[in-house]
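Asker: I'd like to ask you about the structure that follows.
Throughout, read-outs are computed from the coordinates displayed, never taken from laboratory work. Just so you know, these numbers come straight off a predicted model, no measurement behind them. Backbone-built Cβ (ideal geometry, glycine too); neighbour counts: all protein chains shown.
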Ligand code: MTE
């Protein structure tokens, strides 16, 4: 893998745990103690590499951050997608995302931080042990899934980039490459590419915010946002931006794709909220996939998608009807 630029803070090669030690530790980690306690292992060195398509990944399970609800089968997770860069049909991403190359991949970091630069993805991921977290994903279109993601806490990566005190928001951007992304070539697209998203700094630093590189034990399928995508489980799915190539720390609130298209329908916060309907449909219920014509599998939508305990404090005193 070609490394575009080695950042000054990157671990020297000798600091990387030798493979034998690493493998022993993995055997230990897969033991019941670490699994049951759902321990996080801050600062633990690992030899994380850029996940290769279809490759099985090593990870520690995080029961503390996981639901026991029935998982949505892999086939639904990987075949029913929103990734407008490859078309607006739910099956377009699975059909066409293979036209995108994800290796090599680098992420540009800019704005209010001490460590801007262009990072090869594996450099960003290198010091971390992958975690598995089973989260609910609730789309603003009123369907939902339960997905076992693999990745790293967003906060761990952001902290290492040393945001300055002026960093009040984090902005993310998806790859813009019409040659590889047929939706970006479409004359009918309503999106002003690239796809853009953002979080307030305290939201980004919340323990639930996650950067996924895999699901169901393997590297992310391209249609799900390979090689790296955001997962913010208490917000509508459109906040969980895919195939990220840029992270910017900034003082002002970023403009985000869906808010720019229809601000009266899609807000910056986009917290899951059954009490605030979308102007064109109710948000009180959701179709939990798999769902069919005769068994639509409607379930009640829960405020903050059921993650209120971890995130409600972020919005104390805010009128969530106004800041939807
Ligand atoms: N990211 C990009 N770049 N482009 C998109 O069209 N769609 C969003 C989000 N991230 C989207 C995106 C929407 S609306 C949803 S619901 C989720 O991705 C869907 O994620 P999934 O296809 O992995 O279930």
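Asker: Would you mind getting me the FRET efficiency between residue 76 and residue 114? Use the beta-carbon distance for r and R0 = 45 Å, nearest 0.05.
Answerer: In this case the efficiency is close to 0.60.
Asker: Rg over Rh of region 170-266, using C-alpha atoms and the Kirkwood radius, what does it come to?
Answerer: 0.96
Asker: Would you mind getting me the FRET efficiency between residue 309 and residue 159? Use the beta-carbon distance for r and R0 = 25 Å, nearest 0.05.
Answerer: On the way: r = 23 Å, r/R0 = 0.91.
Step by step, r from the Cβ atoms, then E = 0.65.
Asker: Sorting check: for 222-233, 89-100, 204-215, which peptide has the highest mean count of neighbouring beta carbons within 10 Å, and how do the rest follow?
Answerer: 222-233, 204-215, 89-100
Asker: Rounded to two decimals, what is Rg over Rh for region 13-315 when you use alpha-carbon atoms and the Kirkwood radius? Please list the in-between numbers first.
Answerer: Working: Rg = 18.7 Å, Rh = 19.8 Å.
Rg/Rh for region 13-315 comes to 0.94.
Asker: Report the label-to-label distance for residue 316 and residue 192 in nanometres (one decimal), using points 7 Å from each Cα along the Cα→Cβ vector.
Answerer: Taking the two extended label points, one gets 3.7 nm.
Asker: Once label points are set 7 Å from the Cα along Cα→Cβ at both residue 69 and residue 275, what is their separation, rounded to one decimal in nm?
Answerer: 2.0 nm
Asker: So how far apart, in nm, are the two label points at residue 285 and residue 218 if each is 7 Å from Cα heading toward Cβ?
Answerer: 3.4 nm
Asker: Computed FRET efficiency, Cβ-Cβ of residue 202 and residue 293, R0 56 Å: what is it to the nearest 0.05?
Answerer: 0.85
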